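Here is the structure we will look at.
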Amino acid sequence: MVRKNISSGSPYEDKIGFSRAVKIGNILAISGTAPIIEGKLPHDAYEQTKICLTIIKKAVEEAGASLENVIRTRVFLLDIKRWEEAARAHGEFFSKIKPACTFVQVSAFIKPEWLVEIEADCVLTV
């Protein structure tokens, strides 16, 4: 099967050795996606979640799919008490699609100002 690596241009991709997403056959796996933007990072989980999901959406579309192909998301939060902020943003992208979804708390991210990081799995129509 042909492998397609999809880059988001993150400065961490070459340093760590990963791709934003990898497509093999009809499977698309999207890496942990942090709220990496140019400029000032918002300090709330809602806005950071929207940034993460926008980056994910772009990777999904670059793979030739849409958010309807997402079957699972994993939302990692620095503070689980902020889950409703992240859930509100998640719902704006997925309220009609309803992928399997997990919210978990983690102890830290690469950058201390990140509040959320998200992974996604997709099954594509080939």
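A few points about this structure:
- Strands (runs of 3 or more DSSP E) wholly inside segment 15-126 that include at least 2 residues being basic (K, R): 70-77
- Of the residues making up segment 92-122, those that are over 16 Å from T33 (Cα atoms) and either exposed (fewer than 12 other Cβ atoms within 10 Å of the Cβ) or touching a helix residue (DSSP H, G or I) at 6+ places or on another chain (Cβ under 8 Å) (or both) number 8.
- In segment 35-54, the qualifying residues are those that are modelled with pLDDT of 95 or more and among the hydrophobic types (A, V, I, L, M, F, W, C), and the one that is surrounded by the fewest Cβ atoms within 10 Å (Cβ to Cβ) is I51.
- Any chance F18 is touching a Ser or Thr at 6+ places or on another chain (Cβ under 6 Å) and at negative phi: yes
The values are calculated or read from the model by the stated rules, or taken from the named source; none is laboratory data. Every value quoted in this text rests on a predicted model; they were computed, and no experiment measured them. Neighbour counts are summed over all protein chains in view; Cβ atoms, including those assigned to glycine, are modelled from backbone coordinates with ideal geometry.
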